[in-house]
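Everything below concerns the one structure shown next.
The values are calculated or read from the model by the stated rules, or taken from the named source; none is laboratory data. The model shown is predicted, which means the values in this text are computed figures rather than measured ones. Using ideal geometry, Cβ is built from the backbone for each residue, glycine included, and neighbour counts are taken over all protein chains shown.
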């Protein structure tokens, strides 16, 4: 059943809408132009000297030979050092003469996942220092839950884990280095 108030609101909205449409039609009829859409045209892309589109590119063998000849002739970009390769086709992945010279271990490795499903990195545990011992930070790669730092004097194992009756779980230890194997292998105290 329609109430009087609903009828008045509906009638007012209808009158407002009809007035707006009538006003637009009257204004357009006196201006003589009507409603016009603006058409925007963009300038064509400028040609890049030396660039080739995929459709007009040379076959791979010709392209590799062309790049090698440019590099041996010294025509590469040498402003930042040695000539820069301009194609991944020149990179040989299984070259027996190549050696890896950087044996530096990474500064941060993935040790698990946060509660949001994002990667939990060993170098970013400082973000969770405000978490209490009851707040779960995430889950280690071996499936062990990770919680905030302990505030009581419970003895933790070398990995920062404890089995306090609720099951084995790890705690963030801000003053100690992260032992990555504790998050990837089976915990030692199980």
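From 138, 148, 112, which residue is in contact with a helix residue (DSSP H, G or I) (Cβ under 9 Å, 6 or more places away or on another chain) and in contact (Cβ under 8 Å) with a residue 40 or more places away in the chain? Step through it out loud before you land on a result.
Working: 138 fails: in contact (Cβ under 8 Å) with a residue 40 or more places away in the chain; 148 fails: in contact (Cβ under 8 Å) with a residue 40 or more places away in the chain.
Going through 138, 148, 112 in turn, the sole match is 112.
Given the structure, is residue 96 part of a loop (DSSP other than H, G, I, E, B), under 24 Å from residue 171 (Cβ atoms) and either modelled with pLDDT of 80 or more or outside the structural domain of residue 178 (by TED's automatic domain parsing) (or both)?
So residue 96 fails the test.
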Looking at residue 116 and the list (1) modelled with pLDDT under 80; (2) exposed (fewer than 14 other Cβ atoms within 10 Å of the Cβ); (3) part of a loop (DSSP other than H, G, I, E, B), which single condition is not satisfied? (1)
Of all residues in the stretch 152-181 being within 21 Å of residue 130 (Cα to Cα) and loosely packed, with under 10 Cβ neighbours inside 10 Å, which is nearest to the chain's Cα centre (by Cα)? 177
